[in-house]
Amino acid sequence: WLYLGVANSDALLYDDEFQEAAEKGLRIDYALSREQENKKGGKMYIQDKVEEYADEVFEKLENGAHIYFCGLKGMMPGIQDMLKEVAAGKGLDYDEWIKALKKKGQWHV
């Protein structure tokens with residue numbers, strides 16, 4: 001599953017390759033900050049798109065999936081804040097949850 005965030009759809013990197021991979025089963029969700037709105041009416045960022053599928057993402061991680069983040073360091077605080085909020089809603093201690101993912105080698109930044 002790939003979440004890709006860019007400002008506009010004309011800035012999608014490797015889109016031909018990703019579409020080819022999607023035909024083979026890769027799931028892709030785009031966060032287009034200048035073209036899409038999040039549920040609060042603001043710009044759509046990666047954390048907003050991941051939050052839309054939070055239950056499924058957390059379930060996949062519980063079942064051993066790995067999560068990778070790449071991009072600017074400045075995006076991580078927003079992503080971590082969203083994950084903390086979702087974890088709290090699930091009754092999880094965020095710090096312990098992240099610690100466990102790291103220990104199992106599932107968290108990659």
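The values are calculated or read from the model by the stated rules, or taken from the named source; none is laboratory data. This one's a predicted model, so the numbers in the text were calculated from it and none came from an experiment. Please note: Cβ atoms are built from the backbone with ideal geometry, for glycine as well, and neighbour counts cover all protein chains shown. Remember, those area values only see protein heavy atoms, side chains included, never the ligands or the DNA or RNA. Shrake-Rupley method; radii C 1.70, N 1.55, O 1.52, S 1.80 Å.
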Taking the options Ala7, Ala22, name whichever one is farther than 26 Å from Gly105 by Cβ, touching a Lys or Arg at 6+ places or on another chain (Cβ under 9 Å) and exposed (fewer than 15 other Cβ atoms within 10 Å of the Cβ). Ala7
Report, by residue number, each residue of region 1-18 that is free of Cβ contacts under 8 Å to residues at least 24 places away in the same chain and not small (Gly, Ala, Ser). Asp10, Leu12, Leu13, Tyr14, Asp15, Asp16, Glu17, Phe18
Subset tally (residues that are open to solvent by 60 Å² or more (accessible area, probe 1.4 Å) and touching a Ser or Thr at 6+ places or on another chain (Cβ under 7 Å)) for region 25-60: 3
Can Leu13 be described as open to solvent by less than 40 Å² (accessible area, probe 1.4 Å) and in contact with a strand residue (DSSP E or B) (Cβ under 9 Å, 6 or more places away or on another chain)? no
Lone qualifier among Gly71, Gly64, Gly78 - being open to solvent by less than 90 Å² (accessible area, probe 1.4 Å) and without any contact (Cβ under 8 Å) to a residue 40 or more places away in the chain: Gly78
Residues of region 81-92 being surrounded by 14 or more Cβ atoms within 10 Å (Cβ to Cβ) and small (Gly, Ala, Ser), which ones? Ala87
Hey, can you tell me all the residues within region 94-109 that are open to solvent by 90 Å² or more (accessible area, probe 1.4 Å) and modelled with pLDDT of 95 or more? Asp95, Glu96, Lys99, Lys102, Lys103, Lys104
In the list Glu51, Glu56, Glu35, which residue meets the criterion of being out of contact with any helix residue (DSSP H, G or I) (no Cβ under 7 Å at 6 or more places or on another chain), among the acidic types (Asp, Glu) and at pLDDT 95 or above? Glu56
